[in-house]
Structure formats: structure tokens, C-alpha cells
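**Q** I have a structure here, written as C-alpha cells, and I will follow up with some questions on it.
Please treat every number below as a calculation from the coordinates, not as lab data. What you are looking at is a predicted structure, and each value in this text was computed from that prediction instead of being measured. So basically every Cβ, Gly included, is an ideal-geometry build from the backbone, and we count neighbours across all protein chains shown.
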């Protein structure tokens with residue numbers, strides 16, 4: 001279950017664990033015995049500006065048999081029964097609407113029995129359960145096939161999974177999420193006005209992330225005043241987060257910089273930066289970036305970048 005979520009841009013982590021009942025019995029031995037009222041659960045941490053709760057719900061449907069009231073495939077018992085949990089009324093409405101749409105589609109002849117429930121205390125599972133599909137991929141894939149889950153997903157959900165993945169970065173989806181200027185810059189290679197953009201004169205400590213998928217791109221430690229009117233950096237936060245492309249527009253040859261993850265146009269790099277810092281000037285568009293101040297890094301799940309500012 002974790003894999004489908006962790007493959008999505010905008011998902012920070014998918015954590016296996018247990019929900020409901022007590023902390024004392026929130027362990028695999030007690031839960032798998034069927035003597036508790038825990039459910040096995042996957043907690044998804046995500047960036048809502050990149051991927052929505054509604055999309056996560058749609059992805060969840062594609063991993064289950066929503067008509068099975070006794071468990072899932074070869075896994076039987078209450079702790080394996082399906083449910084979608086919500087943390088507020090908006091999420092509740094989205095989940096219930098999605099369930100109603102699935103029922104109305106008559107995709108399945110049986111009733112949809114997956115419950116929509118309020119989230120409660122979550123207990124992370126033991127470490128050996130986390131990312132099991134990566135750590136023991138052969139065993140995981142054999143069990144997925146043997147249990148019937150793989151064939152069920154392939155028969156009922158393969159096309160829907162492809163649709164969801166395609167919709168995430170479709171033209172219409174991006175136009176809904178981005179402002180006209182952000183779309184023009186990132187998708188059409190446009191350039192915003194100098195000295196009239198959000199971050200050209202920003203002096204706060206923090207990181208700049210891809211407006212499309214949240215990938216960290218630049219740090220304020222590498223930002224400097226270039227006098228050009230655009231946010232300028234001496235280097236990216238790590239080399240692999242950007243890609244270089246030859247740009248022959250405007251009757252000159254320049255080096256275009258794109259986000260390696262989302263392929264969004266960010267700006268250009270020029271060999272006229274500070275000599276003591278390598279001569280490079282990454283001249284970026286504010287519209288392609290989102291700034292996260294250092295005091296918000298943990299709240300926004302970028303806590304691993306706090307050590308840059310120590």
C-alpha cells in the first residue's frame with residue numbers, strides 16, 4: 001500500500017502503522033492475533049499544494065477491493081478491513097463524495113463497504129514493517145501475486161491508475177493549481193519582470209522549492225544581490241535537482257535551467273557570478289519557486305534542511 005503513495009510527487013512519506021485502540025497493544029503480535037480493535041493503516045504525509053487529499057483517496061481505491069467486508073484478499077480479520085480516515089469536515093465530504101461516485105458507477109456488483117471514519121491516534125508500526133515493499137521486494141511481490149491482490153488491481157484498476165498519474169501534470173490540472181504567470185514561466189519558458197517579482201529582494205533565511213512538486217532547489221545561503229532584479233544564486237541546493245538545456249531563443253545561445261523532477265522552466269545560468277564562489281549566476285524566476293523560511297521547515301516537512309542554517 002505504501003508504494004503507490006510514495007511514488008507520487010508531493011508525498012513526503014507513507015508510514016505503516018495501527019489506528020484506534022490502545023498504545024499498549026499497538027504492535028504486530030497483538031494486532032495480527034485479532035484480539036484488539038486496531039486497524040492496520042497507512043498514514044500519508046503530503047504537500048497539499050502539489051497533490052490533493054481527493055487524489056490520495058482516488059489512489060487508495062485502486063489498491064483495494066472495496067466490496068470485501070472481511071479483510072483484503074488473503075488477509076482476513078477486522079484489522080485488515082478497509083477505511084478512509086479524515087481529519088476535518090472538508091476531507092470527510094471529499095471522501096464520502098468519492099465513495100458515492102464509486103458506488104454510482106456500478107463498477108462492482110456488490111456494495112461498497114469501505115468505511116469513512118474520523119482519524120484518531122496513530123501508532124507507527126515496527127521498523128521492519130516500514131517500506132517492506134522495498135526491503136523485501138521479492139517476498140512482497142510474490143505475496144501480492146499469490147494473494148490475488150496483483151491480479152485484482154490489474155483487472156479492475158490499471159486504467160484508473162494511469163489516468164490519475166496523467167491528470168497530476170495535465171495542462172488543465174496545472175492551470176488550476178498555478179497562477180497565469182506561474183504557468184507561463186514554468187510551462188512556456190516565460191520570464192517575469194525584473195525588480196517586480198516576489199523574491200528578487202528577499203533576504204530571509206530559508207529554501208526555495210519547485211512550485212510544481214515541492215522539490216528543494218536553492219538555499220538562501222547561496223543567494224546574492226546580483227543587481228539584475230531576479231533572484232540569483234551561486235549554485236543549486238544539490239547538482240541533481242536541476243538540468244541544463246541549450247536555449248537558442250532571442251537570437252543568442254543561453255543555458256536554460258529546468259527542474260529535474262518536474263521539468264519546469266526555472267531560468268538561466270550565466271558565467272558572470274561572484275568569482276570567489278565559482279563565477280556562476282543562476283538567474284531564476286520567482287514565479288517558478290516557493291520560499292519556505294527556516295522557521296517553517298519542520299512544519300512543512302523539510303526538517304532535514306535545517307542543518308544548512310546552523
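**Q** I'd like to compare 62-69, 209-216, 125-132: which one has the highest average count of other Cβ atoms within 10 Å, and what's the full order after that?
**A** Packing order, densest peptide first, comes out as 209-216, 62-69, 125-132.
**Q** Express as a percent, rounded to the nearest 5, the fraction of DSSP beta bridges in the chain (both residues included) that run antiparallel.
**A** The antiparallel fraction comes to roughly 90 percent.
**Q** Distance in nm between label sites at residue 310 and residue 263, each 7 Å beyond Cα in the beta-carbon direction?
**A** It is 3.9 nm.
**Q** Summarise the long-distance tail of P(r) for the chain by giving the % of C-alpha pairs beyond 32 Å.
**A** Taking all Cα-Cα pairs of the chain, the fraction more than 32 Å apart is 40 percent.
**Q** So what's Rg/Rh here for region 180-309, counting alpha carbon atoms and using the Kirkwood radius for Rh?
**A** 0.94
**Q** Something else about it: Students often check this: by mean Cβ neighbours within 10 Å, which of 279-285, 112-118, 13-19 ranks highest, and how do the rest follow?
**A** 279-285, 13-19, 112-118
**Q** While we're on this one: Just grab the label-to-label distance for residue 276 and residue 90, each label 7 Å out from Cα along the Cβ direction, in nm (one decimal).
**A** Roughly 4.7 nm, to one decimal.
**Q** Dividing the Cα radius of gyration by the Kirkwood radius, what Rg/Rh value follows for region 2-168?
**A** Value, to two decimals: 0.93.
**Q** Of all DSSP beta bridges located in region 2-168, what percent are antiparallel, nearest 5?
**A** If we restrict to bridges inside region 2-168, about 75 percent are antiparallel.
**Q** Shifting gears a bit: Sort 20-29, 262-271 by packing, meaning the average of other beta carbons within 10 Å per residue, with the highest value first.
**A** Result, highest mean Cβ count within 10 Å first: 262-271, 20-29.
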